[in-house]
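To keep things clear, I will list the structure first and then write my remarks on it.
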């Protein structure tokens, strides 16, 4: 293995982090332009939730094939191709003129960007020692947080300046640039192409889905991170405008605070986990502490407690992605040969949960007469699921690598 150096970080890992930046930017940009979409197309909450969630359904569809492709062809070629698909979807979105075409275009964007995180995690598994994976993965998530920031207030300002359709033209060009960077800059490796029979790869998935550790870790990632994604990429903004009475620009400014906390929290969580592991303290302790604060922030939203919004968003953003440490647990448990498939299988559950949570929240809001009550019910149900998943995860043991 090539020694870990600045060259490895910049050439082998940073381009994939840029891919995840792109993924998160697209994930949240609908929240920044939601008022424009509602005004132009007359969308209901159900329409908005469904159309936005189509991005996540694209993620769901690609996950299992993605694991096979990453373990067979490596992240460089796979992610380059998928980013080209995403660019095509972004171009389609910029010209779409009705709800269905917007939804299908957003599905294509999600299909193309659904591999960004797992490609980055796979690259980390290829280039980093196992005891630095939690830190490396958290660094990637930090780039996602920066993409989140770019997709909030800056995207809203740019859309106000040039319109949301030209904004998507620019996003199309940016996506093509990231694809070219990954293809041209990331070094080739002799083990990028692994001549493994498809039947052998599928048996690997079978073993993953039969492994009890997978079913301890994946549900907590799906429930906690799924809630975080579904809320911060759409319903946090709508909650601020519908319940707290903010206008779109003020809500997006608040969302930037969440994004900053997300960026700092993602990297800090990795650093904390990295330090604690060196002292024999497992990742479960970090997840537990973060979830306690995340749950407290959600309770403040559910009951509209009289707290300054920045306090809620700092707590929410700092802790919302801590459950992603479960990916490092899975990579260590299943080993390098199965890491791509194991993490993609968990990602499938995560984004299926996110899509259902996002579209389900819109359905609840449209079917409960009172708006405040609707948000209480929707957010309360999500928190109940999170508590149950965390209790199940906390009861497991994750010390030993899979034999």
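Semi-axes of the equivalent ellipsoid of segment 256-308: what are they in whole Å, largest first, if each equals the square root of 5 times a C-alpha gyration tensor eigenvalue? Could the numbers behind the result be given before it?
On the way: eigenvalues 136, 41, 7 Å².
Working from the Cα gyration tensor, I get semi-axes of 26, 14, 6 Å.
With angles folded into 0 to 90 degrees, how steeply does helix 99-113 sit against the dominant principal axis of the chain? Use alpha carbons for both and round to 10.
On a 0 to 90 degree scale, this one is about 30.
Percentage of Cα-Cα pair distances in the chain greater than 29 Å, rounded to whole percent? Show your work: numbers first, answer last.
On the way: 31168 of 81003 pairs.
Of all Cα-Cα distances in the chain, 38 percent exceed 29 Å.
Helix 336-367: angle to the longest alpha-carbon principal axis of the chain, degrees 0 to 90, nearest 10?
With both axes taken from Cα atoms, the answer is about 10 degrees.
Taking Cα atoms, how many degrees apart are the long axis of helix 283-302 and the longest axis of the chain, rounded to 10 and kept between 0 and 90?
Tilt of helix 283-302: around 10 degrees.
If you average the sequence gap of Cα pairs under 8 Å that are 6 or more apart and divide by the length of the chain, what percent do you get for the contact order? Provide the component values of the computation, followed by the final result.
Numbers: 662 pairs, mean separation 110.1, N = 403.
RCO, the chain: 27 percent.
State, in angstrom, two size descriptors of segment 1-133 derived from its alpha carbons: Rg to one decimal place and Dmax to the nearest whole number.
Here Rg and the maximum Cα pair distance are 16.8, 55 Å.
What does the helix-only formula give at 222 nm for the chain: each DSSP H stretch with n ≥ 4 adding -39500 (n - 2.57), the total divided by the residues, and the result rounded to the nearest 500 deg cm²/dmol?
So the calculated ellipticity at 222 nm is -26000 deg cm²/dmol.
Where a number appears in this text, it was derived from the coordinates with a stated rule and is not lab data. Predicted, not measured: the structure shown is a model, and the values here were computed from it.
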